[in-house]
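Just so you know, all these numbers are worked out from the coordinates, no wet-lab data involved. Treat the numbers as computed from the prediction; the structure is a model and nothing was measured. Here the Cβ positions follow ideal geometry from the backbone for every residue, glycine too, while neighbour counts run over all protein chains shown.
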Number of protein chains: 4
Amino acid sequence: MANSFGHLFRITTWGESHGGGVGVVVDGCPPRLALTEADIQPDLDRRRPGQSKIVTPRKESDTVQILSGTFEGKTLGTPISMWVKNEDVRSEAYAEMATKFRPSHADYTYVAKFGIRNWQGGGRTSARETIGRVAAGAIAKKILREQFGVEVLAYVKQVQRIAAQIDPESVKAKDIEANIVRCPDAAVAAKMIRLIEKMRKAGDSVGGIVEGVARGVPAGWGEPVFDRLEADLAKAMLSLPASKGFDIGSGFGGILMTGREHNDPFRARAGKVFTTTNRSGGIQGGISNGETIYFRVAFKPVATVMHEQDTVDVDFHNTTLKGRGRHDPCVLPRAVPMVEAMTALVLVDHALRQRAQCGES
Amino acid sequence: MANSFGHLFRITTWGESHGGGVGVVVDGCPPRLALTEADIQPDLDRRRPGQSKIVTPRKESDTVQILSGTFEGKTLGTPISMWVKNEDVRSEAYAEMATKFRPSHADYTYVAKFGIRNWQGGGRTSARETIGRVAAGAIAKKILREQFGVEVLAYVKQVQRIAAQIDPESVKAKDIEANIVRCPDAAVAAKMIRLIEKMRKAGDSVGGIVEGVARGVPAGWGEPVFDRLEADLAKAMLSLPASKGFDIGSGFGGILMTGREHNDPFRARAGKVFTTTNRSGGIQGGISNGETIYFRVAFKPVATVMHEQDTVDVDFHNTTLKGRGRHDPCVLPRAVPMVEAMTALVLVDHALRQRAQCGES
Amino acid sequence: MANSFGHLFRITTWGESHGGGVGVVVDGCPPRLALTEADIQPDLDRRRPGQSKIVTPRKESDTVQILSGTFEGKTLGTPISMWVKNEDVRSEAYAEMATKFRPSHADYTYVAKFGIRNWQGGGRTSARETIGRVAAGAIAKKILREQFGVEVLAYVKQVQRIAAQIDPESVKAKDIEANIVRCPDAAVAAKMIRLIEKMRKAGDSVGGIVEGVARGVPAGWGEPVFDRLEADLAKAMLSLPASKGFDIGSGFGGILMTGREHNDPFRARAGKVFTTTNRSGGIQGGISNGETIYFRVAFKPVATVMHEQDTVDVDFHNTTLKGRGRHDPCVLPRAVPMVEAMTALVLVDHALRQRAQCGES
Amino acid sequence: MANSFGHLFRITTWGESHGGGVGVVVDGCPPRLALTEADIQPDLDRRRPGQSKIVTPRKESDTVQILSGTFEGKTLGTPISMWVKNEDVRSEAYAEMATKFRPSHADYTYVAKFGIRNWQGGGRTSARETIGRVAAGAIAKKILREQFGVEVLAYVKQVQRIAAQIDPESVKAKDIEANIVRCPDAAVAAKMIRLIEKMRKAGDSVGGIVEGVARGVPAGWGEPVFDRLEADLAKAMLSLPASKGFDIGSGFGGILMTGREHNDPFRARAGKVFTTTNRSGGIQGGISNGETIYFRVAFKPVATVMHEQDTVDVDFHNTTLKGRGRHDPCVLPRAVPMVEAMTALVLVDHALRQRAQCGES
């Protein structure tokens, strides 16, 4: 079950970076939703390598095909199978990977686990696997938007030491998409882009923070104990390649406050309850409270660098390995649609769970 | 399914802070494991309120009873049902909670979700619910220790601004248990205790960071995509009451490095592969690499404080509420066994999954 | 996960025939349902040994206690934990079972699987395990009745060669409960009772058929492929102790017809679709069609008989074993509430699934 | 989750009879298994329409493609995605189905459930969906054969009133495949074929019984309570299109015996336990006992017949409908590989579960 996510809106991804392609099966999608490839492709284009000078130059169109689950442009309620063919097969670029484990990649751990690995590219651990998630997430975002009035978005908040202060309540999608690094503060974005370019030229890489936001989530989504909304979001985010941390609301910073300072006071106006601060990040006791949900995800610098590094070969002898050809100086701009997708998948699943147990809200 | 955790070693917790008690059913435990209440009680005692002057003074013995799943002191392979009776019923202390929502608690969100709540104590959202997890975690820890040679432990690393530097490779359980705050650095622990005492007297509370460690995990546990080991750990930790963040290995701090600096070089010695640094935190591509797993969990300051705070009542009118009677100035000492339990539950589940798919390792 | 059933209305049973008791945790119950022990006990009394002269004379009151999940007589939406204490501990009656495997019981297979077994009574394989199911089923029946207008019932249709012809459309609960064998045809029931009494005196046992019925199920419950309504019912029924077969609608008898004869013609009246025959048994393509659901379950004769039979001991030597003390000449009267419970559990789960994916029907 | 089956060896099927094709994702397959399309295609050919004069003449090659999960002819342990393209698109043949519901098909129930349906062919309810199951089952059969020494097979036991007596212990695959009806008794097979031919010419259809067999299953597979081996087999079989019943071992016939007659005596020889009769059908208490597993599945006569029948249209007005073009006079020959596939899927899942909880057997 390692390759499925969600309980009621359940996705199963498949595919390696080399082979017949990558894809996803979406099970549990509500019927009668208008859906064509045009709803999916834009997010795949935002995830695609080669979309700008600051991401990995791998050239693939990543064109999605819906193979099942729709009829005359509407969902049937049956599984939606989506497929993106692999195009960019350059096995020769990977020849050295057949015999050596790349440091801080999953080459070694896959062999330790399975006793076998597809050494052409990252195999299943390739960022290419996220195509299925982003495609499924596009459907989830559409359901949230059209049926629940929920808007999901994400942006780059920090690249190494360069940080932007963004207000989750007011940030706009068009400002995020206004530059290639996907940071809605244009001035900070320019600095980030310069740093990433510098890293690209140096054959090195940088990490940073993506902030995810969901606005309009009604109070009542999420489950009391294990499937708390923040727990499912944490899992979703830590399942993304290169992610190393997650915090929500006040997060790690909140520990500097006392309880008295940290609590979010409730107020009521016109029969509606709200909080005057939002250190909880929109979730209390695992359940949404109607405020904006916002959280951060830390992504490490991408492991592939154009420098010789110590490693071992498949026979467990010491050797060195140097990245060759293209590399991705910063995963963050492409991580933005991934964070959005995973957020939407968590939320739509909980929306359906809430409807199942407690009826229409 | 909100109240179950794990796929193959699966626990289901039940119970409110008031009512017949709290408990857990453990399904999937390997048979023929020696097991009695004496294996469980010590961890419950570490979780118990009233264990020291710096935690909530609520008085309960939290005595566990095994109701099923063992025979002549050994597990049968059938579900292990464990039960802790509720003793400390002081409903009058909660009278005001019947009509007002406590700020930054789950009172309001439970009503938003379910349209009903048990206003006596925290109901299902009470820290009392973690009894079941800690009891099940004690079994998981025993299996890991005896059948896989894995040691799981946790300690308080930071209380507000007071931080300790602890080496996950060498920290010892007895040093953790040597003081009431469960920080293995005695000098720092003393400072932490003073701060918490001060907070208790001030009717306020503080948060901080617990670090979790697993040593001896063989390479190969964890799943490639959604059920990455760090993803399941993140979910486990964010499902704990009052937790707001999780990071693993280099975590949020790792974003300050470049890829070249951040990568963990592989070396081999005597046919065994290891890394010379451990920024990955023992997990690469979602799968353990044989190094020590270590991660941090941020806990916010406890929401109950002995001060008047703005809130609303159940009729959605503005009012104020002041905590009365006892309060918990710092959840961290009691969070330590919770973090250990959830870590062990994640690991034993993945150990069994690895055995299922790939055979004995 | 062997001990859980259902996806959204999920039950987990625990307990052996000897030990602290047996119980069930019900997860996913809708909140605000009026619920006390008085809703559960009547079905447990119908399942109880010693209820009449034709069932096993074991004496237990089987008194249920709700330990969690309700507040002031209403469900909270949190897990409902129910517990029945074991009373009738007569280990000495089981002494011989410590060293010998009973034929056609699960003694041998439990040892083959787990390498250990609780030889006192049937352990986990005891019919006592069904207490948890029947208790949970009582809640499911209440939800179906009150929230969906669905009535679930079952009755004994055949004991060995003595068969009754009952109309699933019109059979009444009070006629089923009018006699101790739970066959709504009084004349046939009398014959059945005589046969069972004869068997009891002869130290032997008989099997037969229970028919299950659900009336008022709206069209649209059930899932297209693997979780067809009849598939989930089949699994539910074959999970009952001593069951050996399941068929639905025309069932095994339907194979004697041609397709032309077998098809159920549709007709419409006043904007409502119905079928003029019901060989489909209320389900088409895995989904309910609005007609009455009815199916049969075959139960073998109970394995414990008061006669010497060939078997092996735990050291795998040939020996013989003779049942001692009490025995159950016919499981059918007590199987009736079990079949009802499992039917209700399947239906309420699908009702919630339908609500989740397709909204309120 | 309606479209997934299995816990550890988990398949997810997708696809309608019209559209981009049908397929399956297999998750949890052990790594390093030799696997190419040549392992899959033979079973798909046995399932294929047009394979003989007694099955539906629809013309499709049903050529399978493995899109992921293998590398250099071996499984990687990652999801195996398999795809069969749709070829035979004859929408005009289905024009009448756009406005009328076929009797005893799922047309009406799909609309009742989803509010939409793909009226071209059977959509998701088409037998074409079973391609994914049969493809996945071919992998499961290979694992069982090579890694556990288990042989799975099935055959036609009865067509309407024409029944064969086959010994599950000794029946051979080559005798099953020796004729087009897949009944290993050649003389009875000839009669069956004549009856089916007659039905085909009459534009009518017949049903019957397929018997499934698993030989070499070690004692210890299966779970005590809900996931009994026979319960999972029952669900698997009742999830097949047109199936109406399941019984195992003595089954419905066993109710004519008394307990004394019905019990299977144990004997031991050379340290191995066996039973001298096998009325249990190889399973006791839900767990395999080492004897041959055998069970029967009832399939109704196919609903499509070439005769005018009463039905309603999509506006709920009374009308009639007559099947046009090709029809399938008997599903049984093609059901044989489906029964084998589902049996293998259940068994391999339980083999992995046993390994997970109890270690290598």
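For this structure, a couple of remarks:
- Fewest-first sequence of C:Lys100, B:Lys272 by Cβ atoms within 10 Å of each Cβ: B:Lys272, C:Lys100
- Per residue of D:315-325, other chain Cβ atoms within 10 Å of the residue Cβ number 2 on average.
- Annotation: amide H of B:Asp264 within the under-5 Å range of A:Ser104, sequence separation 5 or more or interchain, hydrogens built in the peptide plane.
- Restricting the range B:280-361 to GluC sites (Glu not before Pro) in coil, as DSSP defines it, with at most 13 other Cβ within 10 Å: B:Glu360
- Cα coordinate range in the range A:191-283, projected on the principal axes (Å, largest first): 57, 27, 27
- Residue of chain B whose Cβ sits closest to the axis mapping B onto D, with distance in whole Å: B:Ala356, 2
- Charge dipole magnitude, Cβ of K and R +1, D and E -1 - the protein assembly as shown, Cα centre, debye nearest 20: 0
- Of the residues C:His7, C:Ile248, C:Gly208, the one whose Cα sits farthest toward the positive end of the charge dipole of chain C, with +1 on the Cβ of Lys and Arg and -1 on the Cβ of Asp and Glu, is C:Gly208.
- Residue-averaged beta-carbon neighbours from other chains (10 angstrom radius) around C:215-222: 3
- Fraction in percent of alpha-carbon pairs per bin - 5 Å, the range D:55-203: 2, 7, 11, 12, 14, 16, 16, 12, 8, 2, 0
- Across the identical copies, the 7 Å label point of A:Glu96, projected outward along Cα→Cβ, sits 6.8, 6.9, 7.7 nm from its counterparts, in ascending order.
- Given +1 at the Cβ of Lys and Arg, -1 at the Cβ of Asp and Glu and no other charges, the dipole of the range A:4-358 around its Cα centre is 500 debye to the nearest 20.
- Expected 222 nm ellipticity per residue - DSSP helices of 4 or more, -39500 (n - 2.57), all of the protein assembly as shown, to 500: -8500 deg cm²/dmol
- Per-residue Cβ neighbour rank within 10 angstrom, fewest leading, A:Ile196, D:Ile116: D:Ile116, A:Ile196
- The Cα center of the range A:315-361 and the Cα center of the range B:239-255 differ in position by 17 Å.
- Look at the stretch C:4-13: the mean tally of other chain Cβ atoms within 10 Å of its residues' Cβ atoms is 6.
- Leading residue at positive end of dipole, the range A:4-358 (Cβ point charges), from A:Val346, A:Pro42, A:Ala236: A:Pro42
- Nm distances between copies for C:Lys174, ranked from closest, using label points 7 Å along Cα→Cβ: 6.8, 7.1, 7.6
- Cα convex hull of the range C:136-187 - mean projected area over all directions, nm²: 4.4
- Spacing of the modelled spin labels on B:Ala187 and B:Asp167, each 7 Å from Cα toward Cβ, amounts to 1.6 nm.
- Cut-off under 5 Å, modelled amide H: who pairs with C:Thr319 long-range: C:Thr311, C:Val312, C:Asp313
- Counting other Cβ atoms within 10 Å as a rough exposure proxy, the listed residues A:Ser4, A:Ser68 run A:Ser4, A:Ser68 from fewest neighbours to most.
- Considering only D:Pro79, D:Gly21, D:Gly271, and ranking their Cα positions along the charge dipole of the range D:4-358 that arises from unit charges at the beta-carbon of Lys, Arg, Asp and Glu, the one farthest toward the positive end is D:Gly271.
- Candidates A:Leu76, A:Leu256, A:Leu229, ranked by Gaussian network fluctuation over chain A, Cα under 10 Å, top entry: A:Leu256
- Restraint check, C:Lys85/C:Lys300; D:Lys198/D:Lys300; B:Lys113/B:Lys300, Cα-Cα greater than 19 Å: C:Lys85/C:Lys300; B:Lys113/B:Lys300
- Contact order normalised by residue count of chain D, Cα under 8 Å, 6+ apart, percent: 21
- Amide H contacts under 5 Å for D:Gly359, placed H, 5+ residues apart: none
- Among the GluC sites (Glu not before Pro) within the range B:157-256, those in coil by DSSP and having at most 12 neighbouring Cβ atoms inside 10 Å are B:Glu169.
- Spread over its residues, the convex hull of the C-alpha atoms of the protein assembly as shown is 158 Å³ per residue.
- The share of alpha-carbon pairs in the range D:159-221 lying farther apart than 19 Å comes to 38%.
- In order along the range B:258-266, the phi-based Karplus estimate (6.51 cos²θ - 1.76 cosθ + 1.60, θ = phi - 60°) of 3J(HN,Hα) comes to 8, x, 4, 6, 7, 4, 9, x, 8 Hz; Gly and Pro are listed as x.
- In order through the range B:242-252: 3J(HN,Hα) via Karplus (6.51 cos²θ - 1.76 cosθ + 1.60), integer Hz, x for Gly, Pro: 6, 7, 10, x, 8, 8, 10, x, 5, x, 5
- Largest mean-square fluctuation among B:Ala140, B:Ala303, B:Ala344, in a Gaussian network model of chain B whose springs join Cα atoms under 10 Å apart, belongs to B:Ala303.
- Loop-resident trypsin sites (Lys or Arg not before Pro) (DSSP state other than H, G, I, E or B) in the range D:289-325 with no more than 15 further Cβ atoms inside 10 Å of their Cβ: D:Arg324.
- Translational D in µm²/s for the range C:4-358 (Stokes-Einstein at 25 °C, 0.890 mPa s, Kirkwood Rh from C-alpha pairs): 115
- Spin-label zone in the range C:53-69 - amide nitrogen under 19 Å from a point set 7 Å from the Cα of C:Lys85 along the C-beta vector: C:59-68
- Among the helices of chain D, those built from whole DSSP H runs whose Cα atoms reach 18 Å or more along their own axis and whose mean Kyte-Doolittle hydropathy is at least -1.0 are D:130-143, D:186-201, D:332-358.
- Fluctuation leader among A:Ser288, A:Ser280, A:Ser170 - chain A, Gaussian network, Cα springs under 10 angstrom: A:Ser170
- Straight-distance candidates among the lysines for linking to B:Lys172, with alpha-carbon spacing under 24 Å and chain neighbours fewer than 8 residues away dropped: B:Lys53, B:Lys141, B:Lys142, B:Lys157, B:Lys191.
- Label points for A:Ala190 are taken 7 Å from Cα along Cα→Cβ. From this copy to the others they lie 5.5, 9.3, 10.1 nm apart, shortest first.
- Euclidean distance of C-alpha centroids, the range A:1-68 and the range C:280-310, integer Å: 44
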